[in-house]
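J.: Let me begin by handing over the structure; questions about it come next.
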Amino acid sequence: MEEGWEIDPEDLAHISPYLTEHIKRFGEYSTHELGIEPEAYDPKLDVDFAPLREPDQTAGGYDQAA
């Protein structure tokens, strides 16, 4: 338009890289779950901190202080 060309919006739609027909830009999202209330948050972690295996006795005593 700055150069004096007449631009028809229909013609421009054919060369535009941004497609809008038949495309859902943000996808399809289910909204039936929006009314479901989540369970109350429980801050207690149920974690077992027991060793996964026995200490390696063949390591040459690296676990002892010098």
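Only the coordinates and a few stated rules stand behind these numbers; no lab work does. None of the values given here were measured: they were computed from a predicted structure. Neighbour counts are summed over all protein chains in view; Cβ atoms, including those assigned to glycine, are modelled from backbone coordinates with ideal geometry.
J.: How much length, in nm to one decimal, is gained on full extension between ASP11 and THR31, taken as 0.36 nm per residue of separation minus their Cα-Cα distance?
T.: Difference between extended and current length: 3.5 nm.
J.: Each label point is 7 Å from the Cα along the Cα-to-Cβ direction; what then is the distance between the points at MET1 and ALA50, in nm?
T.: About 7.4 nm, to one decimal.
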